[in-house]
Amino acid sequence: MIRSNIGNNWVPYVFLMPFLSVFILFYLYPTYSNIYVSFHDYSPYEFFDIDNFQYVAMWNYIDIFNSDRMLKAILSSIIYLIAVNLILHSLALMFAKMINLTFKSIQVVVLILLLLPYLSDGLVVFSGLAVSNYNIDQWVVFAWSEVVNNLGFYIFVYYIVLERVPTEVKEAALLDGASTLKCFMKIEIPALLLVIKMMLLLSTVYLIQDSPINNGFVGSGGGFISAFTVLFTGLIILLIVFISMFKLLKKYKKAI
Amino acid sequence: MNYFFKRWAVKMYMALFLFVFCWMLNQPLLSILTQLLDSIKRHDLVLELYLQPEYISGLLVSLKVSVLGGFFAAIFCSLVAYALAVFEFRFKKIILLLMLIILCTPFTFQLVPLIIGTLKLGLINQHIALWLPFVTPILGVFIIKQFIETIIDSELIEAARMEGASEWYLFYKIIIPLIKPAMVLIFLIQFSFIWYLFFYPLIMIPDESIQPLSMMAGGFRPMGDIPLGNMIFTMVPVLITILCSGYIYKFIKSDIA
């Protein structure tokens, strides 16, 4: 850790300025105006006169929770998120350990090969899988393409952290007669737990962007009801994520 | 059991198994490779396609936009990460918290206000609208921050300051060469993200003559079953990744956690 206060007080702000200007303009301000709009009666076609909207307090949220469609979408997306996250992270951990067990010389080659689907488009992966498995249910293909697409990145992260687990602890366990599997389950997974939690949060957020909530509402129906719904679904997800995030922040300050 | 796992044969088996899995996971990309081989056989048709002026201009626009976006993302992220890792200042915690909030918001959530804002700024039909919103990947900031904290000692920075280096000189001459592998990784991630954008340019660039390649790639299907237009389109990020694999190697091997 490096912390230094030498130098002028304005220096860090100069370093932050280019990033922060873009960040405020394109991310913070839109988020603020979304939250502002969520308490008003509006339609997307009138978004330009944002000041003339009528204030309706929490009624938008109440309407959302009263519709059947919303509850259905939330339920199906929760099932989807749990299933895909479970498959994604267990596979990624398994692969990271497997790469760790092979020869040193080919480890990096394998990692880069696995990173390629992550750096290529999700749509390419999906269409490639959908063409070759057209008789399987499209939902399964979609979920699997999501896994294939993101697996490389998580393997990459888990592999790098696995390398950093202190070898003395592992050697001591192996000397006392633990098997490699037991060593992995009892020593390496607890050591990785912090990173696993952070990555779970990250993958949940990335999956939400492609989840049935968004695709269902944007793709079908259309028009302003769908845009309306997507906006508030985003807010609700945001609330859920915030709560989990603050808990994580309190416990694991050094990870961030 | 331990002895068993340490043996050479097991390592060999693991390696084989992994390569089979790499093969499976890269199936879509491999199908593109077979298309490449196919198109070499029918090079006259393919050349005719790729020498169309619209295709070349689309390719150039895509390259320009994604290279600019990736480059500025790497620079901005390293600047912020350096400031967050090395300095203590007042609004640090608030900035970190805001970054986390934005990291956790889906992009669709802020799409409508973002489009309105971009329209108000008058950025419609301009290429800057395609890369300027994407030069601030929050994940990149955290990756580079962690990288700086693990590989750079405080003695290095203090020594440079003792010798009279200014803050900018210190960053430019000492920090940038050391964190280049992480910057290349951010460049790659952001490059491929902007390269494959479809929905955003659809709104921002209504003018068909200056559209990027991602929007017209589906239109080039001269040979029926072979979507040739997509081939070069999907090959470019992969090729750049392979070219930069030396930096990824360095990133992995420097002991970052």
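The values are calculated or read from the model by the stated rules, or taken from the named source; none is laboratory data. No experiment lies behind these values; they were computed from the predicted model shown. Cβ: placed from backbone, ideal geometry, glycine included. Neighbour counts: every protein chain shown. These accessible areas exclude ligands, DNA and RNA; they are computed on the full protein's heavy atoms, side chains included. Shrake-Rupley method; radii C 1.70, N 1.55, O 1.52, S 1.80 Å.
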Could you pull out every residue, at least 5 positions away or on a different chain, whose amide H is within less than 5 Å of the one on residue A:165? Hs are placed 1.01 Å off N in the peptide plane, and Pro or chain starts have none.
none
For residue B:38 the rounded accessible area (nearest 10 Å², probe 1.4 Å, non-protein molecules ignored) is 60
If I build a Gaussian network model for chain B, linking alpha-carbon pairs within less than 10 angstrom, which residue out of B:129, B:73, B:83 has the largest mean-square fluctuation?
B:83
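Charges only on Cβ, +1 for Lys and Arg, -1 for Asp and Glu: so what's the dipole of region B:63-253 about the Cα centre, in debye to the nearest 20? Don't skip to the end; give the middle numbers.
On the way: 12 positive and 10 negative charges, 25 e Å.
Using only the charged Cβ atoms, the result is roughly 120 debye.
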Excluding ligands, DNA and RNA, what is the solvent-accessible area per residue of region B:63-253 at a probe of 1.4 Å, expressed in Å²?
40
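Can you pull the mean other chain C-beta count within 10 Å for peptide B:93-104? Intermediate values should be presented prior to the final figure.
Working: counts 0, 0, 5, 2, 4, 6, 6, 8, 7, 6, 7, 12.
Per residue, the average neighbour count from other chains is 5.
If you keep only loop residues by DSSP, which GluC sites (Glu not before Pro) in region B:83-169 have at most 13 other Cβ atoms within 10 Å of their Cβ? Each step should come with its number before you reach the end.
On the way: sites: B:88, B:149, B:155, B:158, B:163, B:167; in loops: B:88, B:163.
For GluC sites (Glu not before Pro) across region B:83-169 that sit outside H, G, I, E and B with at most 13 neighbouring Cβ atoms in 10 Å, the list reads B:88, B:163.
Averaged over peptide B:73-82, how many Cβ atoms belonging to another chain are found within 10 Å of each residue's Cβ? Write down the numbers at each step before the final one.
Values: counts 2, 0, 2, 9, 1, 2, 7, 8, 2, 3.
Taking the mean over all residues of the peptide, I get 4.
Summarise the partner chain shielding of B:114-120 as one whole number: the mean count of Cβ atoms from other chains within 10 Å of each residue's Cβ. It would help to have the intermediate numbers written out before the result.
Values: counts 8, 3, 6, 5, 3, 2, 1.
Partner Cβ neighbours, averaged per residue: 4.
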Amide H of residue A:40: which non-local residues (sequence gap of 5 or more, or other chain) have their own amide H closer than 5 Å, using H built in the peptide plane?
A:56
J(HN,Hα) series, region B:131-140, from Karplus relation 6.51 cos²θ - 1.76 cosθ + 1.60, nearest Hz, glycine and proline x
10, 4, x, 9, 8, 10, x, 5, 4, x
Given Cα pairs under 8 Å that are at least 6 residues apart, what percent is the relative contact order of chain B?
30
Step through the residues of region A:153-158 one at a time and calculate ³J(HN,Hα) from phi using the Karplus curve (6.51 cos²θ - 1.76 cosθ + 1.60, θ = phi - 60°), rounding each to whole Hz and writing x for Gly and Pro.
5, 6, 4, 3, 5, 5
Inter-part distance where region B:33-70 and region A:86-119 are each reduced to a Cα centre, Å:
31
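At most 13 other C-beta atoms within 10 Å and a DSSP loop state: those are the exposed chymotrypsin sites (Phe, Trp or Tyr not before Pro) I care about. Give me the longest piece of chain B that has none. Could the numbers behind the result be given before it?
Details: sites that count: B:91, B:198.
Value returned for the longest uninterrupted segment is B:92-197.
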Of B:185, B:96, B:197, which is the most mobile in a GNM of chain B whose springs link Cα atoms less than 10 angstrom apart?
B:96
What does the extension gain come out to for residue B:90 and residue B:121, with contour length at 0.36 nm per residue minus their alpha carbon separation?
8.1 nm
Taking chain B as a Gaussian network, Cα atoms linked when under 10 Å apart, which of B:164, B:140, B:122 shows the biggest mean-square fluctuation?
B:164
Between region B:75-110 and region A:154-177, the alpha-carbon center distance in angstrom
31
Give me the summed buried accessible area for the B-A pair, 1.4 Å probe, to the nearest 100 Å².
8600
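How about region B:59-124: which trypsin sites (Lys or Arg not before Pro) there are in a DSSP loop, with at most 13 other Cβ atoms within 10 Å of their Cβ? Working shown, then result.
Values: sites: B:64, B:90, B:92, B:93, B:120; in loops: B:90.
Within region B:59-124, the qualifying trypsin sites (Lys or Arg not before Pro) (loop, at most 13 other Cβ atoms within 10 Å) are B:90.
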Apply the Karplus curve 6.51 cos²θ - 1.76 cosθ + 1.60, θ = phi - 60°, to the phi angles in region A:75-81 and return the couplings in whole Hz, x for Gly and Pro.
4, 5, 6, 5, 4, 4, 5
